[in-house]
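To start, the structure itself, in structure tokens.
A short reminder: the numbers here are calculations on the coordinates, not readings from a lab. What you see is a predicted model; the values in this text were computed from it and never measured. In this analysis, Cβ positions are derived from the backbone assuming ideal geometry, glycine residues included, and neighbour counts consider all displayed protein chains.
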Amino acid sequence: MKGAAMAEREIPRILIVDDNEQNLIATEAILADPGIEIVKADSGRAALRCILREDFALILLDVKMPEMDGIQTAAMIRLNARTKNTPLIFLTAFEKDDQQVLTAYNLGGVVDFMFKPVMPEILKTKVSVFIEIYQKTIELKLIAEQLKADIARRERMEADLRESHAKLERNLRGAIDVISEMAERKGPYAPGHHQRVAALASAIAREMGLTDFQVQGIELAAAVYDIGLMDIPIELLQDIDNLVGVKLVMYQGYPQAGHDILKKIEFPWPIADIVLQHRERYDGSGFPRGIKGADILIKARILAVADAVEDLTVHRSYRNALPMDEALAVIANRSGSLYDPDVVSACQKLIKRKT
């Protein structure tokens with residue numbers, strides 16, 4: 001099984017769906033790469049037959065097709081348990097409208113749009129990002145599965161396990177750091193953003209008395225909590241405080257997209273759920289589900305405060321960074337509404353003790 005997974009990681013498979021043969025040939029030529037296998041389908045029904053036979057790292061879908069259009073095909077793809085979270089890129093020659101965007105994004109999973117005629121370099125760059133995430137996800141899955149197996153054997157091989165466990169953790173951290181760097185390149189962050197959030201979140205967790213195991217889970221979640229931003233158009237991330245309508249809906253879907261990517265990996269910690277809930281708010285005003293209070297994982301509540309402190313104390317294109325004392329005052333003013341009061345209190349004690 002491990003060998004099969006490694007082979008899949010080495011040669012990711014892309015499905016291109018278009019009723020126009022010339023478009024299929026042109027797209028295949030753009031993406032031609034010895035490290036990628038291209039499969040073509042000339043209709044929605046042909047695409048559905050393909051996903052029953054093979055797994056795909058990415059599916060490119062034409063929107064306007066006879067009998068079954070791209071949106072209908074995507075809906076059927078999402079009904080298949082094996083492909084419900086496979087990233088989809090819609091390729092269309094038609095002007096994008098809000099209803100079409102909402103329909104596509106409501107399908108769930110990672111969804112993106114490109115308009116014909118596509119620029120080859122942009123398509124290749126976008127596809128390469130999805131392929132890299134896919135490969136890293138496979139790598140993380142393999143490492144996490146091996147880590148769980150090693151933990152199960154702890155009692156009978158404790159000495160050997162400590163060495164193996166440390167090595168696997170280093171590999172896991174290395175793979176997660178790569179994904180973290182990719183998210184920072186796409187998102188509106190300064191280099192090292194996720195590492196700083198992880199350091200503060202883990203320190204707050206220790207201040208609150210969480211176990212070393214729980215702290216480790218928070219550190220890893222903080223490194224990848226913005227992975228869902230990879231499928232958000234870059235222009236939406238330049239001024240997120242002013243997004244409205246469809247753009248706001250698209251942006252607020254990123255925690256779910258991150259969860260859908262990470263839930264495929266059986267971590268020893270609830271990483272996917274922490275990522276899903278890190279934008280929820282204590283009073284229920286957050287997203288994507290609007291849960292509140294103790295219904296939000298304590299790890300996600302801690303991550304929310306650490307993220308807010310980091311956000312307030314760094315420069316943004318639309319505002320200057322706040323001094324730490326002013327940032328803490330802002331957080332304190334939102335205690336009990338946006339943020340867990342216990343987490344805010346622990347954060348204040350921690351930072352004041354260090355300054």
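Miscellaneous remarks
- By average C-beta atoms within 10 angstrom, highest first, the peptides 121-127, 263-269, 337-343: 337-343, 263-269, 121-127
- 3J(HN,Hα) from dihedral phi, the range 114-127, Karplus parametrisation 6.51/-1.76/1.60, rounded to Hz, x for glycine, proline: 9, 10, 7, x, 6, 7, x, 5, 5, 4, 4, 5, 5, 5
- Inter-label distance, Ala81 to Ala149: 2.2 nm, where each label sits 7 Å from its Cα along the C-beta direction.
- Taking amide hydrogens as placed 1.01 Å from N in the peptide plane, the amide H of Leu322 sits under 5 Å from those of Thr313, Val314, each at least 5 positions away in sequence or on another chain.
- The order of the peptides 140-149, 319-328 by mean Cβ neighbours within 10 Å, most packed first, is 140-149, 319-328.
- Protection proxy ranking of 69-82, 193-206, 47-60, by the mean of other Cβ atoms within 10 Å over each peptide's residues and highest first, is 193-206, 47-60, 69-82.
- Sites Asp212 and Gln22 - FRET efficiency at Förster radius 56 Å, r taken between beta-carbons, to 0.05: 0.40
- Karplus-based coupling profile of the range 245-254, in residue order and whole Hz: x, 4, 4, 5, 4, 4, 5, 6, x, 5, with θ = phi - 60° in 6.51 cos²θ - 1.76 cosθ + 1.60 and x standing for Gly or Pro.
- Net charge over other residues, Cβ less than 11 angstrom from the Cβ of Ile351 (K, R count +1; D, E count -1): +2
- Close amide H contacts of Ile36 (hydrogens built in the peptide plane, cut-off under 5 Å, sequence separation of 5 or more or a different chain): none are found.
- Net lengthening on full extension, Lys124/Asp342 (0.36 nm per residue, minus Cα-Cα): 73.8 nm
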